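Structure first, then comments.
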Amino acid sequence: MKEKVLIITTISGFLHQFEMNNVKLLQKAGYEVHYASNFQVPVYTYDETEYESMGIVTHHVPIEKSPRSLKENKEAFRQLVHILEEEQISLIHCHTPMGGVLGRLSGQRAAHNVKVIYTAHGFHFYKGASWKNWLLYYQAERWLARKTDMIITINQEDFNYASEFRLKTNGCVYKIPGVGLDLKRFFPISEKRSVQREKLKIAENCFCIITAASLDVEKNHETVLRAISLIPDKRICYLICGDGPQREYLEKLVRKLHLETQVYFMGFQEHMEELLHASDCFVFPSLREGLGMAALEAMACGLPVIAAGNRGTREYMKNGENGFLCEGEDAGQFARAIETLKADRMLCQRMGAVGRQTAEQFGTAKTEVIMSQVYQRIQGEMKGYEWNRNQYHHGSVQSKGI
């Protein structure tokens, strides 16, 4: 009989967007993959038949992103415990903040032993975060770590914090280079630039900036809009790929700043590589990132990146080499960086080439090596094998345990 794993996320498109490589690794390891999420909150588009065709068993649970949604999350917890016991799930791999909370609590509540892996895609406490974040989220993560067998982090700062937590006996913390960048999909194709620009009706003499992120306050789109309004040269266009609660506000701001002929809201894009090939540079003004796969995808396509400095972007941004780092809400800095790149085509190309080299360090193959070790170790512990620490050396540290 196959071992069963339950992947838990808050939003249903998360698996398709970020975790399909892990699904393949788990299936290769012999697991039957189950997926619990709120299928009424699809943030990322995906083909609903994809999960079925891959043999993924889906479970709708009413997980809500907000911890204040007590009624819904209490019901989601009850349903998760029921799924664990009815399906005899042996492993949980949970993602997203509330998915991580409910996944770990339900794993503890189950009547049988369940191993628990939590991937932190960016802790809500970090250098520069408010004292409220530290008071609430740091204490919560430290407590929940005691119910966790492995924590997977995607940046050095989070890895350092998690390494100080006490996990379950023999617990371990790993760092991976993101969820895995598809370097065969995202790569430079200079000859596609003109073709894609013609499709999008972008003039050859227009400096095309692009970004990809949800439209919410933390993604800080307003700063880039204000930066563009500061630049006298209007031969600049800005493609905003994504959707979210701030869209109406940002559209009003575009009109207020008289940028209607320069800024285009593209919505969520399934084939970002096509738009990246039409662009000259990528902007990433997000105030908080665990890593930022969108910026790495742009780098892989040979674009220079202008980013806000945070724990995620500092994992790969080399100021002045593969792009520019700016203060998060300094529109003037973003404007000067845009003007610098617009004025020097050769600089764009040099930075883009360095960016491609940077992106290669975050490829899928590198992440798969580490995640294969994670799943092998979990399987070994289930079978009672003793873990040989010397076999596992890719950014891992054993917890102090409880």
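The values are calculated or read from the model by the stated rules, or taken from the named source; none is laboratory data. Every value quoted in this text rests on a predicted model; they were computed, and no experiment measured them. Neighbour counts run over all protein chains shown; Cβ positions are idealised from the backbone, glycine included.
Lys219: over 30 Å from Lys175 (Cβ atoms) and of a type in the set (Lys, Arg), yes or no? Full working, then the answer.
Numbers: over 30 Å from Lys175 (Cβ atoms): no; of a type in the set (Lys, Arg): yes.
When the stated conditions are applied, Lys219 does not pass them.
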Within the stretch 294-402, strands (runs of 3 or more DSSP E) holding 1 or more residues that are of a type in the set (A, V, I, L, M), modelled with pLDDT under 95 and on the phi < 0 side of the Ramachandran plot: 396-398
Residue within the stretch 154-170 that is of a type in the set (Asp, Glu) and not assigned by TED's automatic domain parsing to the domain that holds Gly380 present: no
Of all residues in the stretch 99-130 being farther than 18 Å from Val374 by Cα and among the hydroxyl-bearing types (Ser, Thr, Tyr), the one that is surrounded by the most Cβ atoms within 10 Å (Cβ to Cβ): Ser106
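Could you tell me which of the residues Arg185, Arg142 is assigned by TED's automatic domain parsing to the domain that holds Gln373 and charged (D, E, K, R)? Let's see the steps before the verdict.
Working: Arg185 fails: assigned by TED's automatic domain parsing to the domain that holds Gln373.
When all the criteria are applied, what remains is Arg142.
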Qualifying residue in the stretch 112-135 (condition: touching a residue at least 12 places away in the same chain (Cβ under 8 Å) and either in the same structural domain as Leu287 (by TED's automatic domain parsing) or in a helix (DSSP H, G or I) (or both)): no
Ile189 being crowded, with 22+ Cβ neighbours inside 10 Å and in contact (Cβ under 8 Å) with a residue 12 or more places away in the chain: no
The one condition in (1) of a type outside the set (Val, Ile, Thr); (2) in a helix (DSSP H, G or I); (3) surrounded by 14 or more Cβ atoms within 10 Å (Cβ to Cβ) that Glu52 fails to fulfil: (3)
Within the stretch 16-41, considering residues that are without any contact (Cβ under 8 Å) to a residue 40 or more places away in the chain and touching a strand residue (DSSP E or B) at 6+ places or on another chain (Cβ under 7 Å), the one nearest to Ala365 (Cα to Cα): Val23
Some residue of the stretch 14-33 being within 26 Å of Asp216 (Cβ to Cβ), under 17 Å from the mean Cα position of the chain (by Cα) and either not assigned by TED's automatic domain parsing to the domain that holds Ile370 or not in a helix (DSSP H, G or I) (or both): no
Qualifying residue in the stretch 205-212 (condition: under 21 Å from His16 (Cα atoms), touching a residue at least 60 places away in the same chain (Cβ under 8 Å) and not assigned by TED's automatic domain parsing to the domain that holds Gln17): yes
